[in-house]
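Here is the structure we will look at, set down as structure tokens.
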Amino acid sequence: TMKPGDTSTFQYSNTNFLLLGMIAEKASCNTASGCKTIDQIITDNVITPLGLSTTTYPTGATYDGPHTDTTWNIYGTLIDFTDSTPSVPNSAGAMISTVTDQLDWLIELTTNAKGTLSASTFAERKDMTNDLNGNVAGIQSGYGLALYGSTSSTTGATTLGHGGEISGAQTLMFQFPESNLFIVGDINTFLSV
């Protein structure tokens, strides 16, 4: 939607995260051990170091691991998506986790408490210089590196975090930095707009 190098605007796209995963796979290649898949990269660099023991990165056309029942409300008709595979979005969101692991991830995402990122990269993650085309859910927002930031026009409260939805499931994870409050919410129905 914009020319390369244009930083005057921003548009979120899951496709960008899918492409970034493909780039990470190519960048992982070396002559000694070959190339890693994105699920290996995420497991080695996020899931294992952060101790996210109930988080998985599904791959393949089917998934039979533990997960909740999910439905998609398609204009008033509930469609069962329980047995669909979450691997479809690949690096744009193919993860299954418990609320406890999601909370641990949210804390790392918003505070870098365990040092997953260098201090300079984490500072860049929190730099909300991009206008997120006006808003997220009706609230003026910005976007750093895989991190939303917004301030309520009603209360003045700031939130940091991210959310996502796929095949009948939605997750919202946000921190209120002023009060050090962390909130994780999972909904097993995706509502069409």
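In table form, for the structure just shown:
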quantity: Residue identified as of a type in the set (A, V, I, L, M), under 18 Å from S167 (Cβ atoms), without any contact (Cβ under 8 Å) to a residue 60 or more places away in the chain and surrounded by fewer than 12 Cβ atoms within 10 Å (Cβ to Cβ) among A32, A61; calculated: A61
quantity: Subset of segment 177-193 [outside any loop (DSSP other than H, G, I, E, B), at pLDDT 80 or above and surrounded by 13 or more Cβ atoms within 10 Å (Cβ to Cβ)]; calculated: F182, I183, V184, D186, I187
quantity: Positions within segment 82-102 being farther than 21 Å from F17 by Cα and either without any contact (Cβ under 8 Å) to a residue 40 or more places away in the chain or open to solvent by 50 Å² or more (accessible area, probe 1.4 Å) (or both), in sequence order; calculated: D83, T98, V99, T100
quantity: Single condition I42 does not satisfy, out of (1) within 16 Å of G21 (Cα to Cα); (2) in contact with a His (Cβ under 8 Å, 6 or more places away or on another chain); calculated: (2)
quantity: Residue within segment 2-21 that is part of a loop (DSSP other than H, G, I, E, B), touching a residue at least 12 places away in the same chain (Cβ under 8 Å), surrounded by 12 or more Cβ atoms within 10 Å (Cβ to Cβ) and within 15 Å of the chain's Cα centre (by Cα) present; calculated: yes
quantity: Test for L109: is it closer than 23 Å to V184 by Cβ, crowded, with 18+ Cβ neighbours inside 10 Å and not acidic (D, E); calculated: yes
quantity: I139 being modelled with pLDDT of 90 or more, open to solvent by 30 Å² or more (accessible area, probe 1.4 Å) and either more than 29 Å from T48 (Cα to Cα) or of a type outside the set (K, R) (or both); calculated: no
quantity: Test: residue in segment 43-58 that is open to solvent by less than 60 Å² (accessible area, probe 1.4 Å) and on the phi > 0 side of the Ramachandran plot; calculated: yes
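The values are calculated or read from the model by the stated rules, or taken from the named source; none is laboratory data. Please read these numbers as outputs of a predicted model, since none were measured by experiment. A quick note on method: Cβ atoms are made from the backbone with ideal geometry, for glycine too, and the neighbour counts reach across all protein chains shown. Note: areas computed on protein heavy atoms with side chains; ligands, DNA, RNA excluded. Shrake-Rupley method; radii C 1.70, N 1.55, O 1.52, S 1.80 Å.
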